[in-house]
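Q: What follows is a single structure, and I will ask about it in a moment.
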Amino acid sequence: MERLKKLEKVQKIMELMQSHGIIEPSNQNPQSYLFLANFTLFLIQPSDELNIHAKCLLISDHVTKMSASFLEEALESVSEEGNQNMRNDIPPDDMGDLDPSPNAFEETALVGLDAMLRANSTLEDFFRSYLMFHEMDVRDPQSIFRYLPILSFTESYIYQLDSLNEKLLQLPAYGLPVWDTQSVRMSKAGQTWEAKSLTMLNKDPCRPLVLLLEQHGLLTERIIDELKSGVEYWALERKLCSSLSKDEITIGDVMRAVHLKSFDYRVLNLLLYELREEKVNELHMEFLSVSEFLVEVADDLFDYEDDVLENNFNILRMFVKIYGASVAPHKLAKCIAEAEEKYDTLLKSLDFQLSMNYQRRCEEATKEGGKKSGPSLGTWNIPAIIEDEDAYRREVSGRS
């Protein structure tokens, strides 16, 4: 938390320096700007005897007399321990990863408008589907706006990372043929973007969000685990989608990915428990987990053709690769039936009114989405199998 506060101060100073023309956003040396920002923070620290004007006069009179050789001599004259205390407030390991622009700090959780817009439909569904499990009325504006800032920011941050992962899946290295990626051919700068994106997604992409939630006293080990599940899902999605043209897909990876995919709903739900200072209801969490699995499968069936075109993870695509076009629908139908049996058992364990309200909500969501299949309607329609995905993409591309 202390590190986050320091970084926020550095960011504010950099914004101020840029607005006054002291630094330029095009500069590619983040270490220089970090030094200037930390030096500025040092100068504005309170002093019993010197005001800011006096400090400026001292710098003007004396700093120009300090040569590089003098500073090297000064460095040698102090012990390693003393030298360590004189270094920047920001740990050296973190400095190399910081972008000097005001809106790109690795340790600061930031979201863009596009991510907020994409997250909006998920948030609406979450409030309409999950508030009832907290004995809250979605028709009461206070029930929404009291907790909306944290929940909206969290979901938007997750969508921002998800969008980055989707862009990586469009690259030839992740399974799409070259003809379908003409618009995203990588220049030298683009290759740098690709490498940086992969590094960021593999490193610890949720760390800024974790720091923010910790700062607000909302972080739990369970929330951390769910965020880790999201990172694992993105890695599995990249792995599985790049392996469709090979023989490296396992049913264990596929089922793991499907179960992980709704991690954002579980994060939001756990956050709502924390925001309301309520104990997590394990029965509700287990029931919703099974429901989330069925909803993900229903979404995959509805979006099957689009997911083939965009090289997105889709359970039917994976089953076709593993079992073949003729067997895949039967295997998936068996998987759905097993999940529905568990769903029905858990549904009967819920409070009667809650179970009725949730079933009604599922029917509403299915109809609003224009879907013809789903757990609440009792029927599942598996779309026609696309055996040759490359040929299908060429055909669709030829029509446009």
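Q: Pick out, in residue order, every one of the GluC sites (Glu not before Pro) in segment 257-317 that is DSSP loop and has at most 12 other C-beta atoms within 10 Å; say none if there are none.
A: When the GluC sites (Glu not before Pro) of segment 257-317 are filtered for loop state and at most 12 Cβ neighbours within 10 Å, Glu277, Glu278 remain.
Q: Need the C-alpha centroid separation for segment 282-322 versus segment 143-168, integer Å.
A: Here the answer is 20 Å between Cα centres.
Q: Rounded to the nearest angstrom and ordered from largest down, what semi-axes does the equivalent ellipsoid of segment 244-400 get from its C-alpha gyration tensor (root of 5λ)?
A: 32, 17, 16
Q: May I ask you to rank Leu36, Leu227 by accessible area, largest first, using a 1.4 Å probe over the protein chains only?
A: My answer, sorted largest first, is Leu36, Leu227.
Q: Let me ask something else. Just the C-alpha atoms of segment 235-292: what Rg/Rh do they give, with Rh taken as the Kirkwood radius?
A: Expressed as Rg/Rh, it is 1.16.
Q: Taking 20 Å as the cut-off for C-alpha to C-alpha distance, list the pairs among Lys261/Lys348; Lys167/Lys239; Lys321/Lys367; Lys9/Lys228; Lys228/Lys279; Lys203/Lys239 that go past it.
A: The answer is Lys261/Lys348; Lys321/Lys367; Lys9/Lys228; Lys228/Lys279.
Q: Mind checking segment 244-335 for trypsin sites (Lys or Arg not before Pro) that DSSP puts in a loop (not H, G, I, E or B) and that have at most 14 other Cβ atoms within 10 Å?
A: Those satisfying the criteria are Lys246, Arg276, Lys279.
Q: Accessible area of segment 237-313 with a 1.4 Å probe: how many percent of it is carbon plus sulfur?
A: C and S fraction of accessible area: 45 percent.
Q: A follow-up question, please. Below 12 angstrom from the Cβ of Leu260, what's the summed charge of the other residues (Lys, Arg +1; Asp, Glu -1)?
A: With Lys, Arg at +1 and Asp, Glu at -1, the neighbours total -4.
The values are calculated or read from the model by the stated rules, or taken from the named source; none is laboratory data. Keep in mind that this is a model prediction, so the values were computed, not measured. Using ideal geometry, Cβ is built from the backbone for each residue, glycine included, and neighbour counts are taken over all protein chains shown. Surface accessibility is based on the protein's heavy atoms, side chains included, excluding ligands, DNA and RNA. Shrake-Rupley method; radii C 1.70, N 1.55, O 1.52, S 1.80 Å.
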